[in-house]
Structures are given as C-alpha cells and as structure tokens.
Amino acid sequence: MSKDLPRKASVVIIGGGVVGCSIAYHLAKLGWSDTVLLERKQLTSGTTWHAAGLIGQLRGSINMTRLARYTSELYLQLEAETGQATGYRQCGSISIATNEERFEELKRNASMAQVFGLQVDVIGREEIKNRYPLISDSDILGGIHIPSDGDGNAVDITQALARGARKRGVQVFQETKVTAIRHDGEKVTGVSTQNGDIDADYVVICGGMWSRDLAASVGVNVPLQACEHYYVLFESVEGLEPGLPVLRDYDACKYYKYDTGKLMVGVFEPTARPWGMDGIPEDFCFDEIAGSFEHMEPVLLEAMQRIPALQTAGIQKFFCGPESFTPDVRYHLGEAPELKNCFVAAGMNSIGLQSAGGIGKVMAEWIRDGHPPEDLWEVDVRRNMPFQGNRKYLRERVSETLGLLYATHWPFRQYETARGVRKSALHDRLVAKGACHGESFGWERPNWYAPAGVKPEYEYSYGRQNWFEHSAAEHQAVRESVGLFDQSSFAKFRLEGRDACRVLNRICANDVDVADGRIVYGQWLNERGGIEADLTVTRLARDCFLIVTAAETEVREWNWLKRHIPADAHCVLTNVSSGMGVISLMGPKSRDLLQSLTPADMSHQAFPFGSSREIELAYALVRASRITFVGELGWELYVPTEFMLGVYDEICSVGEQFGLVHAGYHALNSLRMEKGYRHWGHDITDEDTPLEAGLGFAVKLEKEGGFIGQDALLNQKQRGLERRMLQFRLDDPQPLLYHNEPIWRDDRIVGYISSGAYGHTLGSCIALGYVKRSDQNETEEWVTGKYEIEVAGQRFSAQASLAPMFDPKNEKIRC
Ligand SMILES: Cc1cc2nc3c(=O)[nH]c(=O)nc-3n(C[C@H](O)[C@H](O)[C@H](O)COP(=O)(O)OP(=O)(O)OC[C@H]3O[C@@H](n4cnc5c(N)ncnc54)[C@H](O)[C@@H]3O)c2cc1C
C-alpha cells in the first residue's frame, strides 16, 4: 500500500479527465470531501487534453441544453474561484444553414432556447458575413448567433476543476490505475489498484473510452466505442482575427475556431472510423493516433471553399485522437442497474468538455440524493439494453453516430447502421405488407405501411414527410374499422409467489389487488411522487401478475421492481418479453373480427373493458386483454412466440371482411395524442407527478397499506399544483409540432410541448405540455387565457383542454 493512498473513502472516482474532475469538484462543493480521484497516468492524458475547446450551449433538447448552459456559467467564474487560468472566453458562436430545412431546424432550436432564457438570435446572411468576414456566403440562407457561447482550454479547465476539488479536501492520485472494482455481489465495496485497495461506498466510472471494459469486468453495461476524431490547424490565415466567433457549418459537418493565431477546422464526417477494437494500448498517455489523411482530404478541400483564405494558408497540424461514441449519441450517466452504488459518467460523444460542468453537478447530486436531480432519462445508463455492449453492433453503429452530431436532426430520423437486431416473429410478413420499419432499442417496428407502388423508405423533412397520407389512412381505419399493430416489442415481466400482490401493491400507486383477470393501468412512483414507470399490471391468478411496459424502459423498470422486492418476500420475477409476441387489434370492428375466429364470448358483457383472459385463436391459446392506447374498442393479444405466425395468418385470412388495415407506430402516436394518452419519457418522467400529469384517476390515494410516493402526493394535493399538463390543438392545420416548442399564455412563456403529432381525426396538430400556474390569479384556472405555440419563431393560436379532445367520455372504448 502506498503511504498516501487512503484505505477508505466515501467515493472513489476512476478517471482524471474533465468529467471525473468535474464530479470530484461538485461532490466537494456539496461537502463530500472524503472523495478520492484515481488516474492511471496523468490528469487529462486520455481524451481531454486534445479537446478542441468548443463550449456551446444549445443542444437538441431542453434538459441537455440546461446542462451545457450550466457548464458555460461555471467555466466563466472558475478562474476567479480557483486561481487557475482556463482560457475560457465568450467569443459567441454562429451556426449557418445552407438549405431551408436546416434553417428551420436552427429556428426551431432558437425558439426552444427561449424556454430557459438563452439568447439565440436568428440572423441573415449579411450579418453572418459582418460577424465572420472570412466566410464565403453565397450559398448561406441564414443562421443563428449565440453571443454567450465560448471556447476554452480543456487541460486548464480540468486542472482548475481538480484544483477546486483539492482545495475542498478531495485527494487526487495520478499514476494509479484501478485494476479491479470490488463488490459483494449486490453493491460496490471499493477498488483495487496497483498501489493497494480502497474501500468505498460509491465508485464512479469516468474512464472515458476505457469505461466499457472496466464496467464489463463487474457485469455493468456501458455501451461505447472509440472512434477517430479529427481536426486540422491552419496557420498564416489571412484576415484571421482573435475576436471571431466559433463557426458551425452543420451542412458541411465542420466547425471553425480561432486558436491562438491559427484557424482550427474540426470535422464530424458522416462515416467515422472506429478505433481500438482490439483494445487500447496499455501505455496510452497524451497519445495521438495516425488517422487517415485520405479520409479527411475531401473534407478539407470543402473547408477551403467555405473559408477561401485557407487555400493560401499552411497546415500546421493534422490531428487525430480517439473519443468515445455511444449507440444513440447520448452520454451514459447514473447508477448502473446491475450494481448498486456503482455510478457511470462516460460516452461523451465529443461534447465532454462543454457538458462536463453540468454532468459533474447532476452526478454529484445524484450520488448524494440517490436519485437524479432532474429528468435525465435521455442520458440515463439504465436505458441501455444488454445487447448494446456487443462489439459488432457498436462498431457499426458508432461509425454512424459520430456524424449525427452535425447531421440534420430530422423528426423520425432512423439509424442506418446495425439494423435488424431484434425482430418480431411477424417481421418478414410485415415487410411483405409494405412495412417501413423504424428502430427502437434494437427492435424493428413498423412505423408505417407503404401502399402498393410506394417504396417503404423515409423522405425526411420538417414538414409533412412522404408517409403522412399513408399513416393518415391507417389512423382513419383504426377509427372506423380495425387496425392491426405488431407490439411485440413490449417488455413483459411475470411476478409470482404468495407475496407478489403485497409487493406490487406497495410499488404501484393504483390498486392491483383486484379480481383475477383484471388489468390495472397505473404508475410506479418514487418517494417524491415522480413517475418512475407507466404501465399495466394484469392479475393472471391470485399469486401471479403480468406487467407490461414499453420496450425502451425494460431495463429501468426491471431494475426498479427488482430493487423494491424485499429480501424476505416470497416472489419471483421473470422477464418473459421474448417468449410472447403482441398483436393488437384496435377499432370498432375489432370485436366482430375476433368473434369470427374464436369460440370465446367477446361481447361487452362477457368481456368488459379492463379484463383479460385466454381465448382460443387459430391453434393457439392467446391471452386477450381488452385495453387500448388509441382510444378505440380493442384487444392486445399476447401470443406465445412460436404461435405468432399462425395466429397472424388466421387474423389476416378474415381481415378483408372487416376492413382490417395494418397500422404502424406513427398512426399509433397520432391516435394516442388525440386521446391525450401520456407517453413515459416524454410527457411523464420521474420529475412529474400523476396529479400534475392529470393521471390522478389511476392513483388510489387512500390505499390501505400505502404505496411509494403516497405522502408526496397527499402533500401536493393539499398544497395545490404549480403546473399541470394540458392538451393543445392548433387552430391552423398547417404547422407541425414535435416537442420542445414553447407554450405562450397571454404573451408569456408558461411551458413547452412534451410531445406533439398531427391528429388526423381532429384535423390539426395535437400536443401535450405542462403549463405553470398563472401568477396573476392564484387559482388553478389552467385553460383560461390566450394560448399560442411557437414554431420556428412564429406563434400559432391553440385551444387548450384538461380533458382529452377526442371522445372525452370514453364512449368508444366502453361499448
Ligand atoms: C479531436 C477532438 C476534439 C474534441 N473537441 C471537443 C470540443 O471542442 N468540445 C467538447 O466539449 N468536447 C470535445 N471533445 C471531446 C472531449 O475531449 C471528451 O468528450 C472529453 O475529454 C471526455 O472526457 P472524459 O473525462 O470522459 O474522458 P478522458 O479525458 O479520456 O478521461 C478518462 C480518464 O480515465 C483514465 N482511466 C481509464 N481507466 C482507468 C483506470 N482503470 N484507472 C484509473 N484511471 C483510468 C484515463 O487515463 C483518462 O485520463 C473532443 C475530442 C476529440 C478527440
């Protein structure tokens, strides 16, 4: 044991890059000075030392922009606080658009930025030229200017964070490689290093591109893979001025940054080159990698068109370094579901410097409180599926995701790589029907069906895409006859045993102690009353429950349930997702169709809404559950996987008589929006309560025995709500809403759209979003006032409603 290395610490942070140092700094600021940071070589010697230094604030979502914005505010005052220079300067940034769609994206982002007061100015070509005289502007339509964006020196910022941490008592050890993470099978207990062991309550993996393998050594899944990442420094650039803002030319996947007398050109090429597939050299320390000049040459030639002064400048440095990328270009943050008190902050996708401040803050609070301080689902490590650690998958996917940083973030954009990973038993049949599949956590799912003569391929746009009318026809068929949805991707768990009911009733806010064969819709809450899960529970028998939830929350909800089963409870949890496919038949003719195929009595009296039972269908015994996510009469059919094809074929054999239409997830989304059904992850998250979300009907507030989150809800009910989810309908049928659009009430921003879609029955865009209580009057008069939704800088009037605008009395469902 080295004499310096302590035997015990509250927190051990593995990795001395900007992320690890920021977490150490923020933990120390919270008073957790009993923190040790271990770095295998020297601080910043992994990826951080060669970060280009861009520190932008505007990201694709509100929560990520919040993190980046905090980072920028932190860096602004870090030098004054720590005495360590950071090189941080607010030079501003300009992003340009060379086509209308990109301009629309930038304008939509500028609108979103207003929600939290970030100044983003939409500017024209002339102003761009004035602010950036070196630019060739003939093809530029316009852009945005963010005056408070900046750049800084990654090494100095990291050192400043480390100094700030040390000042508050954190111990930093360099040349100390963690050789093992220790645990007792349930939670971490510490680490081993070549200099000795440290016992710890928490371990935080911030090992950059090393994180995947380090985490895998203790069964934790952190899917990331390093890729080559390039920039080039040009010297003697005529007309170069230090005051130039950072310039982002997204359409050409490049940025330009003034760098101590030189101009740096950085690249996010569409097809990247994964690096280190066979492992990272043990002695890697402040290393560059060879890269490929041929790979970059065409990109550099393009750069010379945009900045003609580069044609006569010299290349001072051609740089290539490795950086971690993830399958969905989002970081991995939070407590690993596989191992308690093992936290992860890795997979920075080339924005680690501009994110590290915010990440440090939320990670420190997460460790302190045992839960994320705000909704961080999009970057939560629990979103990852086990298969995503597969190296073939990662290699293919990251070659695409690097470029996605600068690619247009089209609505409904689909990945092109690593496809066909998880397929329903019906997959090939549905392809033959014209399905255009989208991908969701590996699952191929029909999003829409192309009629004969139409290619099942996306043509992206911010306006109506090529599938709009086809999906409208599917929507209409569900409203008027019957639609077939393949929802096999649902995650399905069985909880059984004599304590199953008691255990589940403590976790569910609704009452699941119901008669056998009843389906209960409801939420799982945290102690703060926030919604951790939104799902259905079906009582199969006295001691057996089927839990059905969305594909994307499989790991999260499994983990939540598992961690809340008391050690002495008699119940067993099994994941049966792969064993069952799901065919949903939805629409007014669904009963007639099913009745024509089964001897079971499907009448309303015999098979009421909210009930579930096994019926004979084709050669199978199928669990039919009368429930809906589209607001129509319908059944979800849970079919053992090996019977799926037979059941499907039987349904299709009679389909025509009943007007059966295959329908995809885009139609599903439009239908559920009209009915105001909330979607977990967008409309409801762990920071929204059921009362705020308008889901109080699914909560048994006075339930005997109580439930997790009960006190928080009772308190909230007594206090009154500060915010409430409303449904909106635009008066103008033309604009399209997706999410994050600001909501105006009486000329003030009071919230933003959590999800939006065109409602084909209601005839314009429908959306959901929380609005703040009006401070003019202290009442909960949520829907009074003049509502408008802002799209790309333009405000459109909207109707607001607490009740669903489609079939508010549920007459179509309960018939
Ligand atoms: C060319 C290039 C340009 C970039 N430009 C920008 C930019 O302009 N803006 C921006 O925001 N981001 C940029 N980035 C990305 C940014 O540099 C990274 O996202 C960030 O530095 C990642 O920080 P990190 O702390 O996660 O990883 P790292 O800096 O790699 O730190 C991880 C550390 O963990 C240590 N470690 C690993 N295993 C162990 C172990 N077992 N025991 C002890 N220590 C261990 C490593 O030695 C390493 O020092 C750029 C990246 C590249 C490659």
### Query
Taking the Cβ of GLY56 as the center, what net charge do the other residues with Cβ under 13 Å away carry, scoring Lys and Arg +1 and Asp and Glu -1?
+2
### Query
Got a number for carbon plus sulfur as a percent of the chain's accessible area, 1.4 Å probe?
48
### Message
Kirkwood hydrodynamic radius, computed over distinct alpha-carbon pairs, for segment 250-381: how many Å, to one decimal?
### Response
17.7
### Query
Remind me, what semi-axes does segment 249-290 give for its equivalent ellipsoid, largest first in whole Å, using sqrt of 5 times each Cα gyration tensor eigenvalue?
27, 18, 5
### Message
Give me the Å³ per residue figure for the convex hull around the C-alpha atoms of the chain.
### Response
163
#### Entry: Mean-position separation - Cα centroids, segment 572-619 and segment 137-188, in angstrom
52
### Query
What translational diffusion coefficient, in µm²/s and rounded to a whole number, does the Stokes-Einstein relation yield for segment 717-800 at 4 °C and a viscosity of 1.567 mPa s, taking the hydrodynamic radius as the Kirkwood radius over Cα pairs?
101
### Task
Determine Rg/Rh for segment 338-426; Rg is computed over alpha-carbon atoms and Rh is the Kirkwood hydrodynamic estimate from the same atoms.
1.00
#### Entry: Sequence of ASP151, ASP287, ASP747 when ordered by accessible area, the most exposed leading, probe 1.4 angstrom
ASP747, ASP287, ASP151
### Query
At each listed q (0.12, 0.18, 0.22 Å⁻¹), what is the log10 of I(q)/I(0) that the Debye formula gives for segment 143-272 modelled as equal alpha-carbon point scatterers?
-0.76, -1.09, -1.32
### Whole-angstrom gap from segment 253-296 to segment 431-467, using each part's C-alpha centre
35
### Query
Which whole-number value in Å³ per residue fits the convex hull of the alpha carbons of segment 1-130?
157
### Task
Stick to the Cα atoms of segment 490-615, pair each with every other, and give me the Kirkwood hydrodynamic radius in Å at one decimal.
15.6
### Query
Per residue, how much accessible area does the chain have with a 1.4 Å probe, in Å²?
37
## Note on the structure
Ratio for segment 62-190, C-alpha Rg to 2.2 N^0.38 Å, reads 1.49
### Task
Quick one: order TRP366, TRP410 from most to least accessible surface, probe 1.4 Å.
TRP410, TRP366
### Query
Top to bottom by accessible area (1.4 Å), largest first, where do MET277, MET264 land?
MET277, MET264
#### Entry: Cα convex hull of segment 379-516, projected area averaged across orientations, nm²
12.9
### Summary
Kirkwood-based Rg/Rh on the Cα set of segment 230-270 evaluates to 0.97
### Message
As a test question: what accessible area, to the nearest 10 Å², does ARG66 have when a 1.4 Å probe is rolled over all protein chains in place?
### Response
90
### Query
If we count every other residue with Cβ under 12 angstrom of SER612's Cβ, Lys/Arg +1 and Asp/Glu -1, where does the sum land?
+2
### Query
Under a point-charge model restricted to the Cβ atoms of Lys and Arg (+1) and Asp and Glu (-1), what is the dipole moment magnitude of the chain relative to its Cα centre, in debye to the nearest 20?
1220
### Task
Take segment 584-676, drop everything but the C-alpha atoms, weight them equally and run the Debye formula without solvent; then report log10 I(q)/I(0) at 0.12, 0.16, 0.19, 0.25 Å⁻¹ to two decimals.
-0.35, -0.64, -0.91, -1.45
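The values are calculated or read from the model by the stated rules, or taken from the named source; none is laboratory data. Everything quoted here is computed from the prediction, not taken from an experiment. For neighbour counting, all protein chains shown are included, and Cβ atoms are generated from backbone atoms with ideal geometry for every residue, glycine included. Ligands, DNA and RNA are stripped out before the accessible areas are found, and what is left, the full protein with its side chains, is counted by its heavy atoms. Shrake-Rupley method; radii C 1.70, N 1.55, O 1.52, S 1.80 Å.
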